[in-house]
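S.K.: Please find one structure pasted underneath; my questions will follow.
What follows is calculated from the coordinates using simple rules that are stated; it is not laboratory data. This structure is a prediction, so every number in the text was calculated from the model and none was measured. Note: ideal-geometry Cβ built from the backbone for every residue, glycine included; neighbour counts use all protein chains shown.
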Amino acid sequence: MTGPLVLGIETSCDETGAGLVRGQELLADAIASSVAEHARFGGVVPEVASRAHLQALVPAVDRALATAGVTLAQVDAVAVTAGPGLAGALQVGVAAAKAYALALSKPLYAVNHLAAHIAVDQLEHGPLPQPVVALLVSGGHSSLLLVPDVAGQVVPLGATIDDAAGEAYDKVARLLGMGFPGGPPIDAAASGGDGAAIAFPRGKYRDGTFDFSFSGLKTSVARWLEARQQAGLPVPVADVAASFQEAVADVLTRKAIDACQAHDVGHLVVGGGVAANSRLRALAADRCAAAGIELRVPRPGLCTDNGAMVAALGAELAARGAPGSPLEVPADSSLPVTSVLAGPAPS
Ligand code: KG4
Ligand code: ZN
């Protein structure tokens with residue numbers, strides 16, 4: 001095993017993650033989720049998430065250390081999600097990471113959550129090609145990015161103009177009476193349905209931009225369900241789920257491939273919670289194969305939020321000898337995707 005041993009801490013939303021990575025090798029990935037505490041509200045309640053992080057963080061770090069068979073004293077650097085995310089939730093992770101880094105006298109890397117969703121792929125598929133196009137689809141973000149260097153330069157190509165893809169999943173699941181988060185139950189229901197049953201709209205499909213729009217799709221599903229109920233007809237849940245899922249996967253993969261071709265990039269990486277979706281993965285594989293583009297998608301457990309992704313990006317920075325973040329670096333709930341590291345560069 002070679003390379004720096006990095007502890008990664010993730011608390012941007014409702015998963016408390018502690019990961020350990022050495023170089024590009026994943027040693028441990030401990031996760032505690034507060035999702036059950038939010039379920040009855042149909043979405044993440046920030047204050048509840050912050051309190052859950054406070055309780056779960058140190059045990060998660062201890063579990064990760066035990067799984068990896070290392071001690072805190074062996075850690076070479078501490079990485080933490082500094083943003084974007086829920087302000088209070090981020091504060092918990094950032095404060096803890098500062099404390100670990102200070103106590104160990106080791107560098108702190110206050111990193112971008114979105115870059116970490118891309119960097120995690122290195123743990124499974126080796127060094128990312130440079131450049132690579134990244135399709136980042138989560139509960140809070142849907143973006144296409146040109147990534148010359150995941151630890152240095154990330155260039156936005158387009159993003160959602162309204163709902164994120166995961167948000168659309170969560171809202172449509174609610175319409176169908178499914179639990180939160182909505183991605184997994186829609187994915188499961190869709191496996192028994194026909195994706196061509198209902199022609200839901202593909203927002204911004206051929207508009208020549210790399211932007212997305214999912215709010216019209218969500219409204220269209222709502223109207224379709226209303227009409228069905230008013231007519232006294234049963235709701236074919238599997239077909240609605242499959243047709244909605246097809247509309248999302250169709251637009252995401254089409255634009256991702258267009259972005260690769262427009263920028264003459266032969267590699268696409270897909271990350272974020274929605275990258276766990278079975279139809280998105282299958283359609284991306286088919287379309288990339290047809291277009292001669294090499295596709296990289298981490299396994300589903302590494303697509304949803306976790307500490308390993310933060311450790312992966314931290315390990316990349318540490319391996320390059322990048323200077324650590326100053327201890328006064330703030331959590332930044334709206335950290336732009338172009339900032340791989342938060343805060344001002346250390347002087
Ligand atoms: O990346 P993530 O764990 O957290 C954020 O940074 O937002 O993404 C969470 C989102 C949720 O909206 C959830 O419904 C969605 O990812 N998701 C899925 C699947 N698993 C999680 N969406 C579609 N299909 C899935 N299998
Ligand atoms: Zn995320």
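S.K.: Got a sec to turn the phi values of segment 141-147 into Karplus ³J(HN,Hα) couplings, 6.51 cos²θ - 1.76 cosθ + 1.60 with θ = phi - 60°, whole Hz, x for Gly and Pro?
M.R.: Working through the residues one at a time gives 9, 9, 9, 10, 10, 9, 10 Hz.
S.K.: Given the chain, what percent of its DSSP beta bridges are antiparallel, to the nearest 5?
M.R.: 60 percent
S.K.: Where the only charges are on Cβ atoms (+1 Lys, Arg; -1 Asp, Glu), what is the dipole of the chain about its Cα centre, to the nearest 20 debye?
M.R.: 220 debye
S.K.: So, R0 is 45 Å and r is the distance between the beta-carbons of residue 338 and residue 196; what FRET efficiency does that work out to, to 0.05?
M.R.: 0.70
S.K.: Before anything else, pin down the relative contact order of segment 204-347: Cα pairs under 8 Å, at least 6 apart, normalised by residue count, whole percent.
M.R.: Relative contact order of segment 204-347: 17 percent.
S.K.: Using unit Cβ charges (K, R positive; D, E negative) and no other charged atoms, how large, in debye to the nearest 20, is the dipole of segment 13-97 about its Cα centre?
M.R.: 100 debye
S.K.: Oh, and also: Using θ = phi - 60° and the Karplus curve 6.51 cos²θ - 1.76 cosθ + 1.60, what whole-Hz ³J(HN,Hα) does each residue of segment 5-12 get, with Gly and Pro shown as x?
M.R.: Computed from phi, the couplings for segment 5-12 are 8, 10, 8, x, 10, 10, 9, 6 Hz.
S.K.: In whole Å, what is the distance between the alpha-carbon centres of segment 1-70 and segment 206-262?
M.R.: First find each Cα centre; the distance between them is then 32 Å.
S.K.: So for the chain, averaging the separation of alpha carbon pairs under 8 Å that are six or more residues apart and normalising by length, what relative contact order in percent results?
M.R.: Normalised by residue count, the contact order of the chain is 26 percent.
S.K.: Taking only DSSP H segments of four or more residues, each worth -39500 (n - 2.57), what value at 222 nm results for the chain once the sum is divided by all its residues, to the nearest 500 deg cm²/dmol?
M.R.: Helix-only estimate at 222 nm: -13500 deg cm²/dmol.
S.K.: Also, I was wondering about something else. In percent, how large is the relative contact order of segment 70-115, given Cα pairs closer than 8 Å and 6 or more residues apart?
M.R.: 52 percent
S.K.: Let me ask you something else. Which of 249, 198, 215 sits farthest toward the positive end of the charge dipole of segment 168-275, with +1 on the Cβ of Lys and Arg and -1 on the Cβ of Asp and Glu?
M.R.: Positive-most Cα among the choices belongs to 215.
S.K.: Find out how many positive minus negative residues lie around residue 216, taking Lys and Arg as positive, Asp and Glu as negative, among other residues whose Cβ is under 15 Å from that of residue 216. Could you put the intermediate results ahead of the total?
M.R.: Details: positive: 171, 202, 204, 206, 218, 223; negative: 162, 163, 167, 207, 211, 250.
Around residue 216, the surrounding residues sum to 0.
S.K.: Which listed residue (71, 224, 128) has the Cα farthest towards the positive end of the charge dipole for the chain, taking +1 on Lys and Arg C-beta and -1 on Asp and Glu C-beta about the Cα centre?
M.R.: Among 71, 224, 128, the one farthest towards the positive end of the dipole of the chain is 224.
S.K.: Residue 270: net charge of surrounding residues, Cβ under 11 Å, Lys/Arg +1, Asp/Glu -1, itself excluded?
M.R.: Counting the neighbours of residue 270, the net charge comes to +1.
S.K.: Continuing with the same structure: Please report how far the C-alpha centroid of segment 131-153 lies from that of segment 155-179, rounded to the nearest whole angstrom.
M.R.: First find each Cα centre; the distance between them is then 17 Å.
S.K.: So what are the ³J(HN,Hα) numbers for segment 18-25, from phi and the Karplus equation (6.51, -1.76, 1.60; θ = phi - 60°), rounded to whole Hz, Gly and Pro as x?
M.R.: Listing the rounded values in order: 10, x, 10, 10, 10, x, 10, 9 Hz.
S.K.: Further question on the same structure: Whose amide H sits under 5 Å from the amide H of residue 83, counting only residues 5 or more places off or on another chain, with H placed in the peptide plane?
M.R.: Amide H neighbours of residue 83, under 5 Å, 5+ apart: 113, 332.
S.K.: Around residue 250, what is the net charge, scoring Lys/Arg as +1 and Asp/Glu as -1 over all other residues with Cβ under 11 Å from its Cβ?
M.R.: Around residue 250, the charge tally is +4.
S.K.: Quick one: which residues, 5+ away or cross-chain, put their amide H under 5 Å from the amide H of residue 132? H built at 1.01 Å from N.
M.R.: Amide H to amide H, under 5 Å and 5 or more residues apart or across chains, residue 132 pairs with 147.
S.K.: Follow-up. For residue 263, project a label point 7 Å along Cα to C-beta. Then give me every residue of segment 107-128 with its amide nitrogen under 19 Å of that point.
M.R.: Counting backbone N atoms under 19 Å from the label point, the list is 112-122, 127-128.
S.K.: Can you give me the distance in nm between label points at residue 62 and residue 219, each placed 7 Å from the Cα along the Cα-to-Cβ direction?
M.R.: Taking the simple label geometry, residue 62 and residue 219 are separated by 5.1 nm.
S.K.: With point charges of +1 on the Cβ of Lys and Arg and -1 on the Cβ of Asp and Glu, referenced to the Cα centre of segment 56-175, which listed residue (141, 80, 100) lies farthest in the positive direction of the dipole?
M.R.: 100
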